[in-house]
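Heads up, the thing below is written out as structure tokens.
The values are calculated or read from the model by the stated rules, or taken from the named source; none is laboratory data. Just so it is clear, the structure is predicted and the values come from calculations on it, not from any experiment. Using ideal geometry, Cβ is built from the backbone for each residue, glycine included, and neighbour counts are taken over all protein chains shown. In case anyone asks, the SASA skips ligands and DNA or RNA and just uses the protein heavy atoms, side chains included. Shrake-Rupley method; radii C 1.70, N 1.55, O 1.52, S 1.80 Å.
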Amino acid sequence: MRPEIVAHRGASEHRAEHTRAAYELALQQGADGLECDIRLTRDGHLVCVHDRTVNRTSTGRGVVSTLTLAKLAELDFGQWHHELPESADDLMHEPIGQPSADLRERGLLTLDDLLGLLKDSPKHVKLFIETKHPVRYTGLVEAKLVAQLRRHGLSTPVSKEESRVVVMSFSRMAVRRVRQQAPKLPTVLLLDRFQPGLRGGALPDWADITGPGVHLLREDPDYVARCAEQGHDTYCWTVDEPADIDLCRRAGVRYLATNAPAHTRRHLESGPSATVAQSLPGE
């Protein structure tokens, strides 16, 4: 069984990360799941921004937690991706008629907007939400998240397998808070290194899924099997290279986070010896 493809910050290789355009393209490309990072604004709104500041990804500057929603909404988060494709072949395969998204789809994306997009999708797509830490608001991020999921009817799924939302973090305390406040939601403990006691495949009882970076699987591909023996699926990030895609497939990874959903899906469907094309941003 091939891994399920999760669009990392949307189809972020071909549209600016965390913009509506990136997530709409990911859905067009057949992603099985979407991934986003969330932070709190100064006035208490959850927004989809990875970095502590907006300096890298927008036309503005400043720390997300010190800016209001209204101020963030004035910024263009996709201008750096607003250019023509490098080749005529790329242009022919664009799923829309513009070289990049229009301004409306390049602005700030709130979590509320992304949840609406998820619920409107005809396909049963999962949303993997990462809470970022450390932040000045600490546990308020998870409290606000659970409250928002509750308003959307997504906080108490029939089962963890059927849940449309999965919550994850590198912060152990953050994952524990989610389990305490919404025990039916599935959780991922993200790992950028093997923490003491986890290499054997066991997880704390407040985490359902292990979330290693692909660099950890290159070091120890059998980790996935050990986790499976303990009853835990694996979510692996961020996987774009053909050799890493093949590694995840051989190891038995359940969820594969990638910046290029269409490329990765095409590689998985064409067999382990295939290479991922470097063009064709959409289908």
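Within region 157-175, work out how many residues are more than 17 Å from Lys126 (Cα to Cα), in contact with an Asp or Glu (Cβ under 9 Å, 6 or more places away or on another chain) and either modelled with pLDDT under 95 or not aliphatic (A, V, I, L, M) (or both).
Residues flagged as more than 17 Å from Lys126 (Cα to Cα), in contact with an Asp or Glu (Cβ under 9 Å, 6 or more places away or on another chain) and either modelled with pLDDT under 95 or not aliphatic (A, V, I, L, M) (or both) within region 157-175 amount to 1.
From Glu94, Glu74, Glu86, which residue is open to solvent by 70 Å² or more (accessible area, probe 1.4 Å), modelled with pLDDT under 55 and at negative phi? Can you show your working first?
Working: Glu94 fails: open to solvent by 70 Å² or more (accessible area, probe 1.4 Å); Glu74 fails: modelled with pLDDT under 55.
Only one candidate passes the filter, namely Glu86.
List pairs: first residue in region 61-73 and more than 17 Å from Thr19 (Cα to Cα), second residue part of a helix (DSSP H, G or I) anywhere in the structure, Cβ distance under 9 angstrom, at least six positions apart or on different chains.
Taking only residues 6 or more apart or on different chains, the pairs are Gly62/Lys71; Gly62/Leu72.
Would you mind finding the one in Leu154, Leu118, Leu108 that is at pLDDT 95 or above, farther than 14 Å from Ala21 by Cα, surrounded by 13 or more Cβ atoms within 10 Å (Cβ to Cβ) and of a type in the set (A, V, I, L, M)? Break it down stepwise before answering.
On the way: Leu118 fails: farther than 14 Å from Ala21 by Cα; Leu108 fails: farther than 14 Å from Ala21 by Cα.
Exactly one of Leu154, Leu118, Leu108 is at pLDDT 95 or above, farther than 14 Å from Ala21 by Cα, surrounded by 13 or more Cβ atoms within 10 Å (Cβ to Cβ) and of a type in the set (A, V, I, L, M), namely Leu154.
(1) assigned to a helix (DSSP H, G or I); (2) touching a helix residue (DSSP H, G or I) at 6+ places or on another chain (Cβ under 6 Å): which one isn't true of Ser155, the others all being true?
(1)
Out of Ala31, Ala16, which single residue is open to solvent by less than 10 Å² (accessible area, probe 1.4 Å), modelled with pLDDT under 95 and either closer than 16 Å to Phe128 by Cα or in a loop (DSSP other than H, G, I, E, B) (or both)? Before the answer, list the steps.
Working: Ala31 fails: modelled with pLDDT under 95.
Testing whether each residue is open to solvent by less than 10 Å² (accessible area, probe 1.4 Å), modelled with pLDDT under 95 and either closer than 16 Å to Phe128 by Cα or in a loop (DSSP other than H, G, I, E, B) (or both) leaves just Ala16.
Of all residues in region 168-220, which are acidic (Asp, Glu), within 16 Å of the chain's Cα centre (by Cα) and more than 28 Å from Arg136 (Cβ to Cβ)?
none
Starting from residues that are part of a loop (DSSP other than H, G, I, E, B) and of a type in the set (Lys, Arg), keep the ones in region 167-195 and report whichever is most open to solvent (accessible area, probe 1.4 Å).
Going through the qualifying residues, I end up with Arg193.
Please specify each residue of region 219-254 satisfying the condition of being open to solvent by 50 Å² or more (accessible area, probe 1.4 Å) and closer than 22 Å to Glu130 by Cβ.
Within region 219-254, Asp233, Trp237, Glu241 meet the criteria.
Could you identify the single residue in Ala207, Ala262, Ala274 that is open to solvent by less than 60 Å² (accessible area, probe 1.4 Å), outside any strand (DSSP E or B) and at pLDDT below 95?
Working: Ala207 fails: at pLDDT below 95; Ala262 fails: at pLDDT below 95.
From the options Ala207, Ala262, Ala274, the qualifying one is Ala274.
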